[in-house]
1. Determine which single condition residue 65 fails, assuming it passes every other condition in (1) over 22 Å from residue 136 (Cβ atoms); (2) surrounded by fewer than 19 Cβ atoms within 10 Å (Cβ to Cβ).
2. Is it the case that some residue within the range 204-219 is of a type in the set (D, E, K, R) and either in contact with a strand residue (DSSP E or B) (Cβ under 6 Å, 6 or more places away or on another chain) or without any contact (Cβ under 8 Å) to a residue 40 or more places away in the chain (or both)?
3. Collect the residues in the range 12-39 that are out of contact with any helix residue (DSSP H, G or I) (no Cβ under 6 Å at 6 or more places or on another chain) and within 16 Å of residue 95 (Cα to Cα), keeping them in residue-number order.
4. Please enumerate the residues belonging to the range 325-364 that are outside any loop (DSSP other than H, G, I, E, B), farther than 22 Å from residue 274 by Cβ and of a type in the set (A, V, I, L, M).
5. Quick check, is residue 172 at pLDDT 90 or above and out of contact with any Pro (no Cβ under 6 Å at 6 or more places or on another chain)?
6. Within the range 263-273, which residues are open to solvent by less than 40 Å² (accessible area, probe 1.4 Å) and not in a loop (DSSP other than H, G, I, E, B)?
7. When you check residue 276 against the structure, is it in a helix (DSSP H, G or I), at pLDDT below 90, open to solvent by less than 80 Å² (accessible area, probe 1.4 Å) and of a type outside the set (Ser, Thr, Tyr), yes or no?
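The values are calculated or read from the model by the stated rules, or taken from the named source; none is laboratory data. Bear in mind that the values here come from a model prediction, so they are computed numbers and not experimental data. We place every Cβ from the backbone using ideal geometry, glycine too, and count neighbours over all the protein chains shown. Note: accessible area is taken over every heavy atom of the protein model, side chains too, but ligands, DNA and RNA are not part of it. Shrake-Rupley method; radii C 1.70, N 1.55, O 1.52, S 1.80 Å.
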Amino acid sequence: MTDVVARLGESLADLTGPTCDRIYAQLDSYAAIEPTALASAVARNLRTALTALREGRVPEPTSLDGAATTARERYESGVPAEEIVRGFRISIALIQEEFLDIASSTRLSVEDTVAGSRIMWGLGDAFSTRIITEYHQLALNAALRDARLRTAAVHRLLAGEGPDASALVPIDAHAPYAAVRCAVANPADVERVRAHLEATGSTPTTRALVAADGGVCLGIVATEPTDPGVAVGIGPFVPPEDLPRSDRVARQALQLAARLGRDGVQGITTLGWRMAAASRPDVWRMYADRFRTPLEAEGEFGAELRAAVLAWLEHQHSVNKAAAAINVHANTLRYRLRRYADITGCDLGDADDVMGVTWALELDHPDR
């Protein structure tokens with residue numbers, strides 16, 4: 001084996017060129033790699049294989065610093081991890097072919113020939129492990145760096161400080177954007193929701209920018225995103241310099257959506273008068289004290305009265321439709337409407353009282 005390894009070492013320089021040619025021919029992702037850079041990496045791989053044969057053992061993946069260097073170089077060039085592994089296996093295949101030729105010509109024993117082949121294939125596995133570990137760490141570091149930049153850029157925009165020079169997404173000073181916010185209860189869903197809002201909130205000409213900050217997704221969109229499966233508050237579309245105002249509306253819309261138990265994208269157009277109601281807690285409190293609080297003393301019956309009035313309001317004051325919606329007789333519904341009026345003192349025939357009742361029963365009490 002000593003003689004085989006010595007002769008193999010003498011042929012390494014001649015193997016570098018053919019190995020590079022085969023890699024370029026089989027791996028399109030290597031087209032952008034400079035020949036000198038590839039030749040350097042291939043020579044490093046061949047030396048690693050020769051050392052493993054000389055020592056008669058497969059090195060630990062953690063000791064393969066050359067593999068880590070290759071991973072960093074190829075990662076920066078955009079070569080996928082699996083293609084790096086294929087490139088190394090091409091190197092191993094050529095040196096193994098050379099090893100077998102020399103072993104045959106020198107009449108190396110079958111046992112030593114098999115042992116040498118196993119070492120090189122074991123080296124391929126060790127190299128693959130180190131490449132994938134290093135590559136994933138590089139990708140994770142890049143993702144964390146991207147997330148930090150994304151979050152900082154979003155906070156700057158929503159604070160009215162303008163786009164950061166390092167922003168990952170160019171901000172069109174002449175395009176309208178809307179602020180969005182949502183809270184995601186399940187940490188595993190945060191990135192999915194963030195990516196969904198950013199993808200569906202972009203247009204062919206203007207990209208959205210959404211960040212995940214803890215359990216909150218926040219950012220700016222160029223068009224109303226589709227429902228990500230959670231409540232999303234959205235502000236009005238405004239020029240970039242007015243994004244703080246849009247963000248205030250998005251925050252308020254999200255709070256209202258949570259209070260009302262609504263999912264999907266919620267803003268002024270969907271929440272309507274409720275947005276104005278939420279901005280006047282003094283009036284809200286007055287209506288709640290008049291039309292909501294008295295029901296609490298009635299216990300379960302109070303809850304039935306609230307459901308009856310809400311159904312009546314939702315079905316445009318139609319007793320029959322409202323009764324069907326909550327599965328009671330029409331006369332039962334009429335009775336509950338009368339009892340509600342008696343307990344609260346409201347007049348369900350008065351437009352002002354109906355507005356106050358709607359406000360109080362839908363939004364509950366502002367102090368809760």
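1. Unmet for residue 65, out of (1) over 22 Å from residue 136 (Cβ atoms); (2) surrounded by fewer than 19 Cβ atoms within 10 Å (Cβ to Cβ): (1).
2. Looking through the range 204-219, at least one residue is of a type in the set (D, E, K, R) and either in contact with a strand residue (DSSP E or B) (Cβ under 6 Å, 6 or more places away or on another chain) or without any contact (Cβ under 8 Å) to a residue 40 or more places away in the chain (or both).
3. Result: 13, 14, 17, 18, 21.
4. 330, 333, 337, 341, 343
5. No.
6. So the first thing to find is which residues in the range 263-273 are open to solvent by less than 40 Å² (accessible area, probe 1.4 Å), and the list is 264-267, 271-272.
Of everything in the range 263-273, those that are open to solvent by less than 40 Å² (accessible area, probe 1.4 Å) and not in a loop (DSSP other than H, G, I, E, B) turn out to be 264, 265, 266, 271.
7. yes
Okay, residues lined up against (1) modelled with pLDDT of 90 or more; (2) open to solvent by less than 20 Å² (accessible area, probe 1.4 Å):
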{"site": "70", "(1), (2)": "no, yes"}
{"site": "78", "(1), (2)": "no, no"}
{"site": "88", "(1), (2)": "no, yes"}
{"site": "132", "(1), (2)": "yes, no"}
{"site": "143", "(1), (2)": "no, no"}
{"site": "150", "(1), (2)": "no, no"}
{"site": "157", "(1), (2)": "yes, yes"}
{"site": "163", "(1), (2)": "no, no"}
